[in-house]
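Input: a single structure, listed below in structure tokens.
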Amino acid sequence: MNKLEDEIVSPAQPDPSEAPFHKMTPDFVLDAFESLGFMSDARIYPLNSYENRVYQVGVEDSDPLIAKFYRPNRWSQAQILEEHAFSLELAVNEVPVVVPLEVEGKTLFNYQGYDFALFPRRGGRAPELDCEDTIYTLGQSLGRIHALGQLHSFDHRPALDMQSFGERSCEYLLSHNFIPNTLLEAYQTITIQLLQKIRARFELIEYTPIRLHGDCHPGNILWRDDHPNFVDLDDARNGPAVQDLWMLLSGEPDRQSIQLANLIDGYEMFCEFKPKELGLIESLRTLRLMHYAAWLARRWNDPAFPMHFPWFNTERYWAEHINELREQLFALEQPSLKLSLGN
């Protein structure tokens, strides 16, 4: 065995009987679905989702529906309902977002201890971000989302900030012994340096937190008939507006500048953008990297994670993660993206 590649440094593999979704059999899903008065045709297909469990369920004499079962103990019901209320507010204002179905005036249901919601099925593909018209249209939609998002803050859902995504992520990994001893000093050194720089950047750049989609990468946008449908507001939080924009930028700085110009042109048709927030992009990218590593670690007791992420928690993984963080330290020292003079 190649130790660098294959040695697992986490605790023993999880016991399936203790996993958060161990009851989630096809019969359980169908029983929960039919408890709301729908008649299933017994066709059920699991969809890609690791944080929650999501299924397409066939309905007799009708289109299939999507059943989403929320991970226990992640969000409170008040937090989930706040997410639902935000998406419904967007839909009422004709923003293209997939919203939960209401059944007898409710959008959140519970079956034998599992909170779940139903959604209409929507088709589509990821948007082509190199197309100027596409990214302009995405900017328009995000401007409309943020115009509503800035009207008031979430009361129950948390903020996207350095403490929750950065400091707590590092603390969890260190306190639960996920970092190999051979890499411990390197990890501690680079994360201390990064958090110092990120803290200074957030203190320097003032912004007003607004309600965000929170995880607005292309995989959460279904493009169809030249229009987007935004899905999965599960990570909706209060935070800087630029969080919903930077994940739509890719490639070299020159290419990102062109994408950004088109995105903001569309965005500012509905909502003013504060250019100073561009200085937060690399900080937010770094926090996302830290949070992702800690997310995998926090979910390692779920059997789905060792099965689908077999490369995680090897010495190679942590060495590569530390190298990514070093690259981010360099990126934080580079000039921020700028809008062209036309913006």
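The values are calculated or read from the model by the stated rules, or taken from the named source; none is laboratory data. A quick note: this is a predicted structure, and the numbers were derived from the prediction, not measured. Cβ sites come from the backbone with ideal geometry, for glycine too, and all protein chains shown count toward neighbours. Ligands, DNA and RNA are stripped out before the accessible areas are found, and what is left, the full protein with its side chains, is counted by its heavy atoms. Shrake-Rupley method; radii C 1.70, N 1.55, O 1.52, S 1.80 Å.
Within the bounds of segment 186-203, is there any residue that is out of contact with any Pro (no Cβ under 8 Å at 6 or more places or on another chain) and aromatic (Phe, Trp, Tyr)? Walk me through how you get there before you give the answer.
Quick first cut of segment 186-203, residues out of contact with any Pro (no Cβ under 8 Å at 6 or more places or on another chain) only: 186-203.
Filter once more, so that each one left must be aromatic (Phe, Trp, Tyr): 187, 202.
The answer is yes; a qualifying residue exists.
Name every residue in segment 181-207 that is crowded, with 18+ Cβ neighbours inside 10 Å and not hydrophobic (A, V, I, L, M, F, W, C), in order of residue number.
TYR187, THR191, ARG201
Where residues in segment 145-180 are of a type in the set (Gly, Ala, Ser) and touching a strand residue (DSSP E or B) at 6+ places or on another chain (Cβ under 9 Å), which of them is surrounded by the fewest Cβ atoms within 10 Å (Cβ to Cβ)?
Residues of segment 145-180 of a type in the set (Gly, Ala, Ser): 147, 149, 153, 159, 164, 166, 169, 175.
Add one more test, that the residue is touching a strand residue (DSSP E or B) at 6+ places or on another chain (Cβ under 9 Å), and what stays is 149, 153, 159.
Numbers: GLY149: 25, SER153: 14, ALA159: 16.
Filtering segment 145-180 for residues that are of a type in the set (Gly, Ala, Ser) and touching a strand residue (DSSP E or B) at 6+ places or on another chain (Cβ under 9 Å), the one surrounded by the fewest Cβ atoms within 10 Å (Cβ to Cβ) comes out as SER153.
Tally up the residues in segment 79-109 that are assigned to a strand (DSSP E or B) and either touching a residue at least 12 places away in the same chain (Cβ under 8 Å) or β-branched (Val, Ile, Thr) (or both), please. Spell out how you get there, then give the answer.
First pass over segment 79-109, keeping only residues assigned to a strand (DSSP E or B): 97, 103, 106, 109.
Now restrict to residues that are either touching a residue at least 12 places away in the same chain (Cβ under 8 Å) or β-branched (Val, Ile, Thr) (or both): 97, 103, 109.
Residues in segment 79-109 being assigned to a strand (DSSP E or B) and either touching a residue at least 12 places away in the same chain (Cβ under 8 Å) or β-branched (Val, Ile, Thr) (or both): 3 in total.
So, in segment 100-126, how many residues would count as being among the β-branched types (Val, Ile, Thr) and open to solvent by less than 20 Å² (accessible area, probe 1.4 Å)? Let's see the steps before the verdict.
If we filter segment 100-126 for residues that are among the β-branched types (Val, Ile, Thr), which is where we start, we get 103, 107.
Now drop any that are not open to solvent by less than 20 Å² (accessible area, probe 1.4 Å), which leaves 107.
The total comes to 1.
Among the residues that make up segment 185-194, is at least one of them in a helix (DSSP H, G or I) and under 26 Å from ALA261 (Cβ atoms)?
First, the residues of segment 185-194 that are in a helix (DSSP H, G or I): 185-194.
Filter once more, so that each one left must be under 26 Å from ALA261 (Cβ atoms): none.
No, segment 185-194 has no match at all.
Would you mind telling me which numbered condition in (1) part of a loop (DSSP other than H, G, I, E, B); (2) free of Cβ contacts under 8 Å to residues at least 24 places away in the same chain; (3) more than 26 Å from TRP295 (Cα to Cα); (4) not polar (S, T, N, Q) GLY123 fails?
(2)
Given the residues ASP234, ASP226, which is the only one that is open to solvent by less than 10 Å² (accessible area, probe 1.4 Å) and out of contact with any Leu (no Cβ under 8 Å at 6 or more places or on another chain)?
On the way: ASP226 fails: open to solvent by less than 10 Å² (accessible area, probe 1.4 Å).
Exactly one of ASP234, ASP226 is open to solvent by less than 10 Å² (accessible area, probe 1.4 Å) and out of contact with any Leu (no Cβ under 8 Å at 6 or more places or on another chain), namely ASP234.
Here is a list: PRO218, PRO253. Which entry is out of contact with any strand residue (DSSP E or B) (no Cβ under 6 Å at 6 or more places or on another chain), touching a residue at least 60 places away in the same chain (Cβ under 8 Å) and surrounded by fewer than 17 Cβ atoms within 10 Å (Cβ to Cβ)? Break it down into steps so the answer makes sense when it comes.
Details: PRO218 fails: surrounded by fewer than 17 Cβ atoms within 10 Å (Cβ to Cβ).
Sole residue among the options that is out of contact with any strand residue (DSSP E or B) (no Cβ under 6 Å at 6 or more places or on another chain), touching a residue at least 60 places away in the same chain (Cβ under 8 Å) and surrounded by fewer than 17 Cβ atoms within 10 Å (Cβ to Cβ): PRO253.
Report, ordered by the first and then the second residue, all pairs with beta carbons closer than 9 Å, sequence separation of six or more or different chains, a first member in segment 222-233 that is over 15 Å from LEU248 (Cα atoms), and a second member that is acidic (Asp, Glu) and outside any strand (DSSP E or B).
As it stands, the answer is ASP226/ASP133; ASP232/ASP215; LEU233/GLU83; LEU233/ASP215, since those pairs meet every condition given.
Tell me which residues, restricted to segment 251-289, are more than 21 Å from VAL231 (Cα to Cα) and of a type in the set (Gly, Ala, Ser).
Result: GLY251, SER257, ALA261, GLY279, SER283.
Testing GLU206 on (1) assigned to a loop (DSSP other than H, G, I, E, B); (2) modelled with pLDDT of 95 or more; (3) not small (Gly, Ala, Ser), one condition comes back false. Which one is that?
Only one criterion in (1) assigned to a loop (DSSP other than H, G, I, E, B); (2) modelled with pLDDT of 95 or more; (3) not small (Gly, Ala, Ser) is unmet by GLU206, namely (2).
Considering (1) closer than 19 Å to THR107 by Cα; (2) open to solvent by less than 60 Å² (accessible area, probe 1.4 Å); (3) not β-branched (Val, Ile, Thr), say which one ASP31 fails and leave the rest.
The single condition ASP31 does not satisfy is (2).
From the list LEU129, LEU90, pick out the single residue that is modelled with pLDDT under 95, of a type outside the set (Asp, Glu) and buried (at least 19 other Cβ atoms within 10 Å of the Cβ).
Numbers: LEU90 fails: modelled with pLDDT under 95.
Matching residue, one of LEU129, LEU90: LEU129.
Being touching a helix residue (DSSP H, G or I) at 6+ places or on another chain (Cβ under 9 Å) and of a type outside the set (Gly, Ala, Ser) is the filter here, so list the residues in segment 22-45 that pass it. Steps first, answer last, please.
Residues of segment 22-45 that are touching a helix residue (DSSP H, G or I) at 6+ places or on another chain (Cβ under 9 Å), as a first pass: 22, 40, 42, 44.
Answer for segment 22-45, where residues must be touching a helix residue (DSSP H, G or I) at 6+ places or on another chain (Cβ under 9 Å) and of a type outside the set (Gly, Ala, Ser): HIS22, ILE44.
Might you let me know whether segment 263-277 holds any residue that is crowded, with 19+ Cβ neighbours inside 10 Å and among the aliphatic types (A, V, I, L, M)?
For segment 263-277, residues crowded, with 19+ Cβ neighbours inside 10 Å and among the aliphatic types (A, V, I, L, M): present.
Given the criterion within 25 Å of ALA159 (Cβ to Cβ), in contact (Cβ under 8 Å) with a residue 12 or more places away in the chain and in a strand (DSSP E or B), identify the matching residue among ASP115, ASP63. Can you show your working first?
Numbers: ASP63 fails: within 25 Å of ALA159 (Cβ to Cβ).
Going through ASP115, ASP63 in turn, just one is within 25 Å of ALA159 (Cβ to Cβ), in contact (Cβ under 8 Å) with a residue 12 or more places away in the chain and in a strand (DSSP E or B): ASP115.
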